[in-house]
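Please read the structure below before turning to the comments.
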Amino acid sequence: MTPPSKRAMVPFVSVANMMRLVHHVGLPVFLAELTQAVTDDFKRWPAFDKTPRVPAHSPGGVIELMPTADDTLYGFKYVNGHPKNMAEGLQTVTAFGLLADMASGYPLLLSEMTLLTALRTAATSAMATRALARPDARTMAMIGNGAQSEFQIIALQAVCGITDVRLFDVDPAATAKVMANLRDTGLNLTACTSAQDAVLGADVITTATADKRNQQVLTDNMVGAGVHINAIGGDCPGKTELHRDIVARADMFVEFPDQTRIEGELQQMPLDHPYTELWQVLTGQAPGRSRPDQITLFDGVGFAIEDFSALRYVYDRARGTDYVENLDFIADPDDPRDLFGMLARAA
Ligand SMILES: NC(=O)c1ccc[n+]([C@@H]2O[C@H](COP(=O)([O-])OP(=O)(O)OC[C@H]3O[C@@H](n4cnc5c(N)ncnc54)[C@H](O)[C@@H]3O)[C@@H](O)[C@H]2O)c1
């Protein structure tokens, strides 16, 4: 059989190679560069085709496709969210994605995205925190100490100068895991026994809990003046984390309103509830934080452009290196019209 042509081959980043790449670059640098890549793309927001992600719901979770494109590149991610998985020894979130050339439609990169989702979600929180938190913010509360949490913390350390972290999870084993994983990072880590305890003295609060219902991880009395909140765990219809009164009192910043309306904390609020699109803050078209005592809320649900940025960043970093393997992925007959002949000759 003739070997596949060059055009048949698509670079693929496996989980093993993604881990090698992150270690080669260094996790804090990777997160800082990825934060910049996401920020660069948010700053050219109007250049993208945008649509809310396409979900398939089941009683235990959701599977979603997240597509977007600019004039030259197209990207999509396949991702699931199954909060019940953890109790069964499976991950809540797994993902993979693809970047393609708009001109020819040919794929340019296929990549694992379970790790990359945690990295880009952390980079997105860092982007929002850098834009919205008080510049002197040094202490963060991390509520929900699962798969996403260490990435969230390291990104805020690398990009926003966080030095102290107060941890809480309903499962103390999750908090113990974070304490162990981050012991050599130079961060001052405190394990807390309640969410109320965790938010004491926190300038930034990040919630990344997984539960397929409307939770109240934070109640109104827990959130003091001047705090910035990244609420990233509420990302599905009927799945929120904050008491409605916090959402009512805070100034809300969102990714793509059409998607946040269905999936974010915004789903708790009336249709005329005010919000600001984060890209407009980043481009200077809308104000971010205007007072030190203001409560800012990033209602992060995860939007396709963040995955596009992550794929683009990995493509630039890994192209032509041994962090990619070439897969025989696109059928490439010698005569483009003779696909059948190619199959027949392979008998
Ligand atoms: N916004 C985004 O872009 C984005 C991206 C990835 C994941 N997520 C969401 O973030 C959440 C966390 O993801 P993960 O992969 O870390 O999940 P995970 O299952 O690994 O961890 C979730 C943790 O939350 C804890 N928890 C549940 N309820 C809690 C409560 N009331 N108070 C404190 N802790 C609580 C659990 O014990 C668990 O340790 C999920 O809901 C996921 O869908 C959002």
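Within the range 17-126, what whole-number % of the accessible surface is contributed by carbon and sulfur, with the 1.4 Å probe and all protein chains included in the calculation? Let's see the in-between values first.
Working: 2950 of 4590 Å².
Of the solvent-accessible surface of the range 17-126, carbon and sulfur hold 64 percent.
Would you report the distance distribution of C-alpha pairs in the chain as whole percents per 20 angstrom bin, up to the bin with the largest distance?
30, 56, 12, 2
Report, to the nearest whole %, how much of the accessible area of the range 212-306 belongs to carbon and sulfur atoms, 1.4 Å probe, protein only. Could you put the intermediate results ahead of the total?
On the way: 1650 of 3530 Å².
Carbon and sulfur together cover 47 percent of it.
Whole number in Å², please: accessible area per residue of the chain, 1.4 Å probe, ligands, DNA and RNA not counted.
44
Could you give the nm distance between label points at LEU343 and SER5, where each point is 7 Å from its Cα heading toward the beta carbon?
Here the answer is 1.9 nm between the modelled labels.
Going by a ≥ b ≥ c, the root eigenvalues of the Cα gyration tensor, does the range 73-145 fall in the rounded group (a/c under 1.5), the prolate group (a/b larger than b/c) or the oblate group?
Working: a/c = 3.99, a/b = 1.32, b/c = 3.02.
Oblate is the answer for the range 73-145, as a/c is 1.5 or above yet b/c matches or exceeds a/b.
Filter the chain for me: DSSP H helices, axial length by Cα at least 20 angstrom, mean Kyte-Doolittle hydropathy not below 0.5. List them by residue number. Present the calculation step by step, with values, prior to reporting the outcome.
Numbers: long enough: 27-42 (22 Å, 0.75); 114-132 (27 Å, 0.77); 304-318 (21 Å, -0.15).
Correct list, ordered by number: 27-42, 114-132.
Relative contact order (percent) for the range 1-69, with alpha-carbon contacts under 8 angstrom and 6 or more residues of separation? Don't jump to the answer; show the numbers that get you there.
Values: 26 pairs, mean separation 12.8, N = 69.
Relative contact order for the range 1-69 comes out at 19 percent.
Quick one: if you stick a label point 7 Å off each Cα along the C-beta vector at HIS273 and ALA47, how many nm between them?
Distance between label points: 3.3 nm.
Between SER104, SER309, SER290, find the one with the highest GNM mean-square fluctuation for the chain; connect C-alpha pairs within less than 10 Å.
Answer for the Gaussian network model of the chain: SER104.
Is the range 1-46 rounded, prolate or oblate when judged by the Cα gyration tensor, a ≥ b ≥ c being the square roots of its eigenvalues, rounded requiring a/c under 1.5 and prolate requiring a/b larger than b/c?
On the way: a/c = 5.04, a/b = 1.59, b/c = 3.16.
Since a/c reaches 1.5 but b/c is at least a/b, the shape of the range 1-46 is classed as oblate.
Please identify every one of the trypsin sites (Lys or Arg not before Pro) in the range 34-99 that sits in a loop by DSSP and has no more than 11 other beta carbons within 10 Å of its own beta carbon. Working shown, then result.
Values: sites: LYS43, ARG44, LYS50, ARG53, LYS77, LYS84; in loops: LYS43, ARG44, LYS50, ARG53.
Answer by residue number: there is no such site.
Please state the charge dipole magnitude for the range 229-347, taken about the Cα centre, from unit charges on C-beta atoms (+1 on K and R, -1 on D and E), reported in debye and rounded to the nearest 20. Walk me through the numbers before you get to the answer.
Working: 11 positive and 22 negative charges, 73 e Å.
With Lys and Arg at +1 and Asp and Glu at -1, about 360 debye.
Tell me, how many Å apart are the Cα centres for the range 269-347 and for the range 111-150?
17
Can you tell me the relative contact order of the chain? Whole percent, Cα pairs under 8 Å, sequence separation 6 or more. Write down the numbers at each step before the final one.
On the way: 720 pairs, mean separation 74.9, N = 347.
So the answer I get is 22 percent.
With an 8 Å Cα cut-off and a minimum separation of 6 or more residues, compute the relative contact order for the range 155-272 in percent.
Relative contact order, the range 155-272: 19 percent.
Put a dot 7 Å past each Cα toward the Cβ at GLN280 and ALA173; how far apart are the dots in nm?
4.6
Once you order the gyration tensor axes a ≥ b ≥ c over the Cα atoms, which shape class does the range 1-110 get: rounded for a/c under 1.5, otherwise prolate or oblate by comparing a/b with b/c?
Values: a/c = 1.28, a/b = 1.22, b/c = 1.05.
Rounded.
Out of every Cα-Cα pair in the range 57-208, what percent are more than 20 Å apart?
56
With a sphere of radius 14 Å drawn around the Cβ of TYR74, what net charge do the other residues whose Cβ falls strictly inside it have (Lys, Arg +1; Asp, Glu -1)? Display every interim value, and only then the final one.
Values: positive: LYS50, LYS77, ARG312; negative: ASP41, ASP49, ASP70, ASP71, ASP101, ASP307.
Summing Lys and Arg as +1 and Asp and Glu as -1 gives -3.
Just to check I understand the Karplus step: with θ = phi - 60° and J = 6.51 cos²θ - 1.76 cosθ + 1.60, what whole-Hz values come out for the range 287-299, glycine and proline as x?
Each residue's phi maps through the Karplus curve to give x, x, 7, 10, 9, x, 8, 5, 9, 9, 10, 8, 8 Hz.
Take the cross-link list LYS43/LYS177; LYS50/LYS177; LYS6/LYS77; LYS77/LYS239; LYS177/LYS212 and give me the ones stretching past 32 Å between alpha-carbons. Write down the numbers at each step before the final one.
Working: LYS43/LYS177 36 Å; LYS50/LYS177 37 Å; LYS6/LYS77 25 Å; LYS77/LYS239 21 Å; LYS177/LYS212 23 Å.
As for pairs spanning more than 32 Å Cα to Cα, those are LYS43/LYS177; LYS50/LYS177.
For the range 7-51 and the range 221-244, what is the separation of their Cα centres, given in Å?
27
Given the rule -39500 (n - 2.57) for each run of at least 4 DSSP H residues, summed and divided by the residues of the chain, what is its mean residue ellipticity at 222 nm, to the nearest 500 deg cm²/dmol? Could you put the intermediate results ahead of the total?
Values: 11 runs with 112 residues, N = 347.
Taking each H run of at least 4 residues, the total per residue is -9500 deg cm²/dmol.
Treating only the Cβ of Lys, Arg, Asp and Glu as charged (+1, +1, -1, -1), what charge dipole size does the chain show about its Cα centre? Round to the nearest 20 debye. Don't jump to the answer; show the numbers that get you there.
On the way: 29 positive and 42 negative charges, 54 e Å.
Roughly 260 debye for the chain.
What is the Å³ per residue value for the convex hull set by the Cα atoms of the range 203-347?
Working: hull volume 31.7 nm³, N = 145.
Looking at the range 203-347, the number lands at 219 Å³ per residue.
The values are calculated or read from the model by the stated rules, or taken from the named source; none is laboratory data. All values derive from a computational prediction rather than experimental measurement. Counting neighbours? That spans all protein chains shown, and the Cβs are built from the backbone with ideal geometry, glycine included. All accessible areas refer to the heavy atoms of the entire protein, side chains included, with ligands and DNA or RNA removed. Shrake-Rupley method; radii C 1.70, N 1.55, O 1.52, S 1.80 Å.
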